[in-house]
Amino acid sequence: MISEELRKEEMELRKKLAEQGASSGGNAVPATNKRNKWDESASTEHEKTHSAVSKWSETPVTSDAPSAMTQTASRWDVTPVITSGGKSGRNRWDETPTGKVVGGETPGKKRSRWDETPQPLGKFVDGKLQTPSATPIGAAGMATPLVNYNMTPEMSQQLRWEAEIDERNQPISDAELDALFPPGYKILDPPPNYIPLRTPSKKLLATPTPLTGTPGFAILPTPSRESYAIPPTPSETALPFIKPEDYQYFGKLLEEGTDEENLPEEEQKERKIMRLLLKIKNGTPPQRKTALRQITEKATEFGAENLFNQMLPLLMSPTLEDQERHLLVKVIDRILYKLGDMVRPFVHKILVVIEPLLIDEDYYARVEGREIISNLAKAAGLAAMIATMRPDIDNSDEYVRNTTARAFAVVASALGIPALLPFLKAVCQSKKSWQARHTGIKIVQQIAILMGAAVLPHLKMMVVIAEQGLVDEQQKVRTITALALSALAEAAFPYGIEAFDSVLRPLFKGIMMHRGKGLAAFLKAIGYIIPLMDASYAKYYTKEVMNILIREFQSPDEEMKKIVLKVVKQCVSTDGVEPSYVKETILPEFFRHFWVRRMALDKRNHAQVVETTVEIANRVGCSEVINRIVDDLKDESEPYRKMVIETIEKIIQNLGANDIDIRLEEQLVDGILYAFQEQASDDTQVMLTGFGVVVNALGIRIKPYLPQVCGTIKWRLNNKSAKVRMQAADLITRIAAVMKLCGEDQLMGHLGIVLYEYLGEEYPEVLGSILGALKAIVNVIGIDLVGRIADRGAEFVSAREWMRICFELLDMLKAHKKAIRRAAVNTFGYIAKAIGPQDVLHTLLNNLKVLERQMRVCTTVAIAIVAETCSPFTILPALMNEYRIPDMNIQNGVLKALSFMFEYIGEMGKDYICAVAPLLEDALIDRDVIHRQTAATTVKHVALGVMGLGCEDILTHLLNFIWPNIFEVSPHVINAVMEAMEGLMVSLGPGRIFLYVLQGLYHPARKVREVYWKIFNSLYIYGQDSLVCAYPRLEDDGVNNYRRATMDLFI
């Protein structure tokens, strides 16, 4: 009801509007700006003044009005027509307003509505928006709407929305523009030669496009780069790409319109340096090489200030990559050498940038930092370096002092320790600041770490310089002094105990007084000094320090534990320390505090505990230590069991199993079997190695336990985890020799049968381990497994079964392990020998058609081995026939197989070189570079195989096909061609090749000469004396005598 009332109200309003339009003569602009999608375009005064042909012509109509038309027409009646000269009231459903009649046409002539080409909606002509075409393209803006009878409710709703949007977004009319603009604007007339398109070929465009079309679409012009605010890299300057983060350093190079010739000289230099640095940092290798040479040669011309002002900010860039930093370090190295003492004013700036590299996480960054500071010290001199770094020695920031100490150590390594010792002595005795003393002693420590045994000549002086720090009032100074002495002792080992005489008493006094980090440092120093002593002194001092060490066994501090373990290891390993003392004093407390589960989980101290325990075992014997830990093989914690078995493995490896008694032997085997069965982690290598070492060390004594061991292995071979099966097979490989030693041939035969049943294993790695175990069993029995089957037992296996094995082996060709691939390839040869090559070859040739490259390469190797095993004449016909298939992969595979075959058969190749020559000719003139590359490799192997066997004519023929390829640019192809040339040098002699080379040595083109001289250099290196007889005869010129009389006599 409501909608019906609204519709009636709307109709009344429309009638009133139509009457108002009729009373004003149809020319007035409606008061409202709202227009419906189907409204006709109102004619304006400008349209009426248009002359000639308008591109927005109306839909033509006839002048005959229907007689039945009444004044009160329905809104759905036919479109009324306007008779010539008549005026009537206009309705919003009237026809599209017409312009003037096109000249030459009869007004009464009936015209089709498709005659004229409609223009797209919304174009401006003469500065005003024209009316839409009579039949517009697309649905929007049509005078005659496109009717779609299959419209869904969704599409209908969408059309309503589009109509509303169109109504709200209509173009501004001329009247509205006139109201908006101030006076003075006018609409321009079209050019006099403008003629709208009216070609018949364009008439089809009048057909309405589907609703989904995009009427009036035009591709916008590409936005200018200024709109994005990204300055480009000018192509004409051939500069490398500049990253966005580098604009702050190289931005000046991107300024357009700069006339560099008129710039001041300093700014020109700055731009040149900037350009060279950009090429070094971001350029291609040739650009980089040239720029590096230029910046080095012109370093003095550019000046140190200009160079470092641009390079040092670059080095400090947070976005600098490792490779870029390496290149800039190389630049600084070279220019430091070139500039010499000109760098002195910039030493501080360089050090500020470079010193942080000395404590970088990356090893190579630290090396590069040391390299620059070393070169800087050589260029600037010691005085400049000390004067620059002196203020940083007593800096309050520990980071600055640390890097300064490391820098001084590098200076000492560059200029020599003696040059720095007087300065160090003064610094270490400084009364003004403890920071200076701390840094001075740290310099001594860093010198010892950096230079190692090179400190020996100056050891006494360095100890004297540092010793005062042991009694310093500052705790940090005392600690760093002890660490410095430990570094000196470690560097001097096993010499120099005399130098440390003066510090022994303060050190031992210090371990009584200190706790925590200070005690750890003092213990570390004593631990490194004791191994330098004679046996009697070492024994005394070990006993003195051991009480403190045993007390610190229970320290919760991880760093202290690490140092205590290290000191115990060093004390125990020193001559003079008696096994009985270690056994009675150290062992009980050591095992009580360190052999606990928590140590196995601590990655840092785990290895240290193992090493110290092994060292103790070396001193007190194998069984003494193993007795204490063997029960831990059955511990619940797997990491702890691993630590135990790792220790037992190393002890038995060092000392053997001779002092292990029967009881301990049983415990050991039982524990290892338990640990082997109970492991759950993926890391099985420790357990496997330990088991193998123990079994091999026990030797014949393991015999009673072998059935139990083999039972465990068989059970684990059936495990669902591939790694467990693989580990069990690998264990057989390790114990096969011991089983033979124990005379367990029957047990080995049983294991062999079990392994044979597992040859259907799906995982290549596991299958490789199973094959390895089988091979180990067969080898110790004295038979080569595959050879035995192929040579003597081929008739026991049917040909069909051999073929099945061939197909199984194909998958093995793509195993990850190279050893598995090699074993599979060799097996093809044995099988081919057993059943004949034809069937095996058929399988292999089909395999050349696969896409996977690794599979094809392994297949070609297998074909070559079959050829070697069964003689080449059995393979060549089928192989050459396969080359006729026009498939690149297959042809490349055939060529590669030929290459491998000739490599394997060597001298036998003389019987087949004539047969394959046409095939090689075809390959050497093929468009595909891979064909030519592989063929060149084949020619190399052929040439080397038939040297001295009378095949020079064929080889010369092949040389004629090889020679045009010497200008190839692909690295792989040119390598293959040059190798073929070298093979032909061997077989044909350097003289024959030299005759070819002689043609191009003085060619006018440089690139041609370069290639010829490269070959000549190879010839000269290979056979300098052989070339003498091939040199051309030159007539004497009066000044020089070119005659070789000895050659004439020889001939």
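Structure summary
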item: Filter result (polar (S, T, N, Q) and under 46 Å from the mean Cα position of the chain (by Cα)) within the range 627-670; result: Ser637, Thr647, Gln653, Asn654
item: Residues of the range 288-330 classified as open to solvent by less than 50 Å² (accessible area, probe 1.4 Å), modelled with pLDDT of 85 or more and of a type in the set (S, T, N, Q), total; result: 1
item: From the options Leu698, Leu706, Leu688, Leu673, residue that is of a type outside the set (D, E, K, R), modelled with pLDDT under 85 and not in a loop (DSSP other than H, G, I, E, B); result: Leu688
item: Selection within the range 979-1007 - among the small types (Gly, Ala, Ser) and part of a helix (DSSP H, G or I); result: Ala980, Gly983, Ser987, Gly991
item: Check on Gln468, open to solvent by 60 Å² or more (accessible area, probe 1.4 Å) and touching a Gly at 6+ places or on another chain (Cβ under 7 Å); result: no
item: When residues of the range 544-580 are limited to those that are free of Cβ contacts under 8 Å to residues at least 40 places away in the same chain and surrounded by fewer than 17 Cβ atoms within 10 Å (Cβ to Cβ), the one farthest from Asp501 (Cα to Cα); result: Pro556
item: Leading residue by the ranking (surrounded by the fewest Cβ atoms within 10 Å (Cβ to Cβ)) among those in the range 175-209 that are at pLDDT below 60 and in a loop (DSSP other than H, G, I, E, B); result: Thr199
item: Helices (runs of 4 or more DSSP H) completely within the range 454-544 that count 1 or more residues being at pLDDT below 85 and among the acidic types (Asp, Glu); result: 459-467, 501-513
item: Any hit, the range 296-309, residues being of a type in the set (D, E, K, R), within 27 Å of the chain's Cα centre (by Cα) and part of a helix (DSSP H, G or I); result: no
item: Checklist (1) open to solvent by 10 Å² or more (accessible area, probe 1.4 Å); (2) under 52 Å from the mean Cα position of the chain (by Cα) applied to Asp534, failing item; result: (2)
item: Breaking point among (1) surrounded by fewer than 17 Cβ atoms within 10 Å (Cβ to Cβ); (2) outside any helix (DSSP H, G or I); (3) of a type in the set (A, V, I, L, M, F, W, C), for Ala657; result: (1)
item: Close pairs from the range 950-970: first aliphatic (A, V, I, L, M), partner part of a helix (DSSP H, G or I) and loosely packed, with under 14 Cβ neighbours inside 10 Å, Cβ under 9 Å, at least 6 apart; result: Ile954/Cys914
item: Pairs, first in contact (Cβ under 8 Å) with a residue 24 or more places away in the chain in the range 599-610, second of a type in the set (Ser, Thr, Tyr) and not in a loop (DSSP other than H, G, I, E, B), C-beta under 9 Å, six or more apart; result: Met599/Tyr640; Ala600/Tyr640; Leu601/Tyr640; Val609/Thr647; Val610/Thr647
item: Positions within the range 963-995 being more than 19 Å from Ile930 (Cβ to Cβ) and among the hydroxyl-bearing types (Ser, Thr, Tyr), in sequence order; result: Ser987
item: Sole residue being outside any helix (DSSP H, G or I) and under 19 Å from Glu368 (Cα atoms), chosen from Leu314, Leu320; result: Leu320
item: Which listed residue, of Leu1001, Leu1027, is modelled with pLDDT under 90, among the hydrophobic types (A, V, I, L, M, F, W, C), more than 25 Å from Glu907 (Cβ to Cβ) and surrounded by fewer than 17 Cβ atoms within 10 Å (Cβ to Cβ); result: Leu1001
item: Filtered residue count, the range 783-811, keeping only those that are at pLDDT 70 or above, open to solvent by less than 50 Å² (accessible area, probe 1.4 Å) and either farther than 26 Å from Val857 by Cα or touching a Lys or Arg at 6+ places or on another chain (Cβ under 7 Å) (or both); result: 0
item: Some residue of the range 248-269 being touching a helix residue (DSSP H, G or I) at 6+ places or on another chain (Cβ under 6 Å), surrounded by 13 or more Cβ atoms within 10 Å (Cβ to Cβ) and among the basic types (Lys, Arg); result: yes
item: Lone unmet requirement of (1) open to solvent by 30 Å² or more (accessible area, probe 1.4 Å); (2) within 47 Å of the chain's Cα centre (by Cα) for Glu589; result: (2)
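The values are calculated or read from the model by the stated rules, or taken from the named source; none is laboratory data. Every value quoted in this text rests on a predicted model; they were computed, and no experiment measured them. Using ideal geometry, Cβ is built from the backbone for each residue, glycine included, and neighbour counts are taken over all protein chains shown. Just so you know, the surface numbers come from the protein's heavy atoms only, side chains and all, with ligands and any DNA or RNA stripped out. Shrake-Rupley method; radii C 1.70, N 1.55, O 1.52, S 1.80 Å.
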